[in-house]
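The values are calculated or read from the model by the stated rules, or taken from the named source; none is laboratory data. Since the structure is predicted, the reported quantities are computational estimates derived from the model, not experimental observations. Cβ placement follows ideal geometry from the backbone for every residue including glycine, while neighbour counts extend to all protein chains displayed. These accessible areas exclude ligands, DNA and RNA; they are computed on the full protein's heavy atoms, side chains included. Shrake-Rupley method; radii C 1.70, N 1.55, O 1.52, S 1.80 Å.
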Amino acid sequence: MKNIIIAFCLFCVVFAVQAQKYPTTKKNPHQITQFNITYNDDYEWLEDVESEAVKNWRNAQNETANLYLEDVKKKYNILGKIKEYKAFSSGSLPAKKEAYYYKQYILDKKNTGVLFYRKELNGNPVDLFNPFKIYRDNVAAISGYMPSKNSRYMACAVSLDGSDRQEIRFVDFDKIKLLDDIVKDVKFSNIAWNRDSGIFYKRNTNQKTFERDSTYFLYYHKLGTPSGDDKLVFDASDKNLTYRHFTKDDKLYVLVTNERTGLQSFYFAYLNQEDFKLEKFYESLEDYDYHHTTKDKIYFSKKDYQWGEVRVMDLNKQNEETQIIPQTYNHLLLGVSFYDDYIFCQYKNLGKYYVAVYDLQGNFVRKFFTPEGTSFSIKFYDSKYKNLYVSVYSYTISPQNFKLNITTGSIDQYYNDYLPPTPTLFPLDHFVTKNITCKSRDGVDIPLTIIYKKGTALDGNNPTLLEAYGGFGVVSGPSFEPGLLCFLEKGGVFCFAEIRGGGEKGTKWHTDAVKLKKMNSFNDFIDAAEFLIKEKYTSPQKLAITGGSYGGLVVGVAMTQRPDLFKVAVPKVGVYDMLKFEQFTVGRYHLDEFGSAKKPEDFKMLYSYSPYHNIKEDVNYPITYIITSENDDRVPPLHSYKFAASLQNRAAQKNPIILKTRSDAGHYGKSSYQDYFEDEAEFYDFILYHLNP
């Protein structure tokens, strides 16, 4: 009798949650015909995200979401365990920039990180820049920093509301004193110093947060002068131009790309000339990635070589170039770093990672491999002792630090007073990590990383989380996440699918899923889900899917194309109205990825998978938790609003559709320690609640 009562109570809770009433959303019928295709945009009014009507609707949705999540927490509330795992995890090495070492620390869990520096690797840390002390706001967060050439000043980029729009503040090292200089409206910009005198930065001129991006201008700010007097150095307002900039030795370099023609032009200006007049010194129609400039030589890679290679060209003999590090089939070149007389190349091969060391002529020196299932990041190089310092980590292992000696080949784990020896949270064989492949519908091998606790019975009844990114040629790799450990400890299976559109198998892996081939990306994800079900890792009633940004689009497409495959979908900060993506914020930069809705062929492809336009009136879609941020000026929240409204406002939808808009947050969510882990806990609570009822 007792079991019957418990079962009945659980049924009532589930029924109450699933019968959740949503805020009223008005439907304004709006029919559009384009290229002989007629479609509806009934929730276009939600695009005006700064209007009172939309803000009220958003707030009502958040109230509904919070009530729902409170019910979820009554059964699953893993926040405490996540914090415990984090507290007992090891930390990575500091970064070295110019003369000193830098690391951010959390002093108050309600606030964002504070930047500290050390003069020596094991030296006493000094509080250099604390955003809360300056802004008295726990949202303001350091988004980047760069010391001047001789480490006299530090420039810190700060996001005040989570968005990509930032301001730059300056600190005097000797006095640990904040300067009066403030540079505002900085966006998508690195900080390039003119020795110790000032910085070059990109300025944004948008008047509204979510309008089409207008980051066109390269400016120079001289320390001690008003920002209104900053000098315009380069104007890329020609709609086809994009650029990047950096300083090296006595020059400013600007690399300009004409997106229409593909022409890449290299300019430089002497830093000791106040007008910074740019002179063109190299131009090419070939697609290449720039790596390094030293003296009169430029190091770069041609994208014709899909696995990655390195070549050098003498700028005095521009018709002559030499490939010094050839590509190796199936060994993906992830990154190239130059320190003193060495080139450090990071590679990935069949899920394994290593660094290969060469001299500047391309002569091989040695290789260092990471342990099975782990990746690594290069932190800095000590030229005196020829030690390369790296942090090694995995999905289940927090950062472990090593020094690799270039001369002897020795590998030693590194500790100091601030990075003491810390045992791993679990024995190294506690979790099983598999790097395997599954076949896509067109016969292509899709790499999968699958992780579960040792001893888990693969009987088709495991709660499983499938994730992917798969866009823009991005190479996805593991990152340590305490919340995932909680999921695995409760019997979960995690799978990351390296679908086409990403860069995990070279440049062709990316181009095989762009524009008119874009469906390959989504089909790969769906095929990975079917593989997990077929191989008894899980079942449709135990499978959840997630992804962020482009990965949010992947989830949106998968759940609307194959709702029968998934129990739960959690798309984060995704693009869902593909017929309008180019009209807002950074969409103008992504036409080479998606095509343009202004072109007939591209339009038909975009329409065929656009999640917002492929919602059917008679389908009950999976339980869905849509996450966005109110200040996300990379993927504006209007996409999530329209997608959620269309899903909710249908009689056939019985499964809950929950929309949460994170306040005071941008594309990467909340910045403070407390808020970040609360969001992570809510995510896994939601998944566990529905997969382990």
Whole-angstrom gap from the range 115-146 to the range 585-630, using each part's C-alpha centre | 40 Å
May I have the count of lysine pairs in the range 602-688 with C-alpha atoms under 19 Å apart, counting pairs 8 or more residues apart or located on different chains?
-> 6
Gap separating the Cα centres of the range 433-480 and the range 676-693, nearest whole Å | 20 Å
Using Cα atoms only, what is the angle between the long axis of helix 600-609 and the major principal axis of the chain, expressed in degrees (0 to 90) to the nearest 10?
-> 50 degrees
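Compare the peptides 400-412, 651-663 by average per-residue count of other Cβ atoms within 10 angstrom and give them in order, highest first. If you can, show how the numbers build up before the last one.
Numbers: 400-412: 16.2, 651-663: 18.7.
Put in order of decreasing packing, that is 651-663, 400-412.
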Listed pairs 81/439; 27/187; 208/280; 74/490; 21/534 exceeding 26 Å between Cα atoms | 81/439; 27/187; 208/280; 21/534
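Summarise the accessible area of the chain (1.4 Å probe, protein heavy atoms) by the percent that is carbon and sulfur.
Values: 14590 of 30230 Å².
The computed percentage sits at 48.
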Probe 1.4 Å, accessible area per residue of the range 504-639, Å² | 30 Å²
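With +1 assigned to the C-beta of every Lys and Arg and -1 to the C-beta of every Asp and Glu, and no other charges, what is the dipole magnitude of the chain about the Cα centre in debye, to the nearest 20? Mind showing how you got there, number by number?
Values: 88 positive and 87 negative charges, 243 e Å.
Dipole of the chain, to the nearest 20 debye: 1160 debye.
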Return one number: the angle in degrees, 0 to 90 and rounded to the nearest 10, between the long axis of the Cα atoms of helix 673-691 and the longest principal axis of the Cα atoms of the chain.
-> 40 degrees
At a probe size of 1.4 Å, how large is the accessible area of residue 292, to the nearest 10 Å²?
-> 40 Å²
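Would you mind putting 310-319, 160-169, 349-358 in packing order, based on average other-beta-carbon counts within 10 Å, highest first? Numbers along the way, then the final one.
Numbers: 310-319: 14.6, 160-169: 21.3, 349-358: 17.7.
Descending packing order for the listed peptides: 160-169, 349-358, 310-319.
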Which value at 222 nm does the chain reach when only helices count, each DSSP H run of 4 or more adding -39,500 (n - 2.57), with the total divided by all residues and rounded to the nearest 500 deg cm²/dmol?
-> -6000 deg cm²/dmol
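At 1.4 Å probe size, with every protein chain present, just tell me what the per residue accessible area of the range 125-180 comes to in Å².
Working: 2460 Å² over 56 residues.
Per residue, the range 125-180 has 44 Å² of solvent-accessible surface.
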Anchor residue 386: aspartates and glutamates whose Cα lies under 18 Å away (excluding residues fewer than 8 positions away in-chain) | 98, 120, 340, 341, 359, 412
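Take peptides 569-579, 218-228, 608-618 and line them up by average Cβ neighbours within 10 Å, highest first, as a rough protection proxy.
Listed from highest to lowest mean packing, they are 569-579, 608-618, 218-228.
Just check the range 392-432 against the gyration tensor rule for me: Cα atoms, a ≥ b ≥ c as the square roots of the eigenvalues, rounded for a/c under 1.5, and otherwise prolate or oblate depending on whether a/b exceeds b/c.
Details: a/c = 2.88, a/b = 1.56, b/c = 1.85.
Verdict is oblate for the range 392-432.
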With the Cα gyration tensor of the range 83-176 giving a ≥ b ≥ c as the square roots of its eigenvalues, does the rule (a/c under 1.5 for rounded; else a/b larger than b/c for prolate; else oblate) give rounded, prolate or oblate?
-> oblate
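Whenever you get a sec, line up 171, 126, 336 from highest to lowest accessible area (probe 1.4 Å, protein heavy atoms).
Numbers: 171 5, 126 50, 336 30 Å².
Result of the area sort, largest leading: 126, 336, 171.
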Once both axes come from the Cα atoms, what is the angle between helix 2-18 and the longest principal axis of the chain, in degrees from 0 to 90, rounded to 10?
-> 60 degrees
Return the tail of the calculated pair distribution for the range 187-272, meaning the percent of Cα-Cα pairs more than 16 Å apart.
-> 56 percent
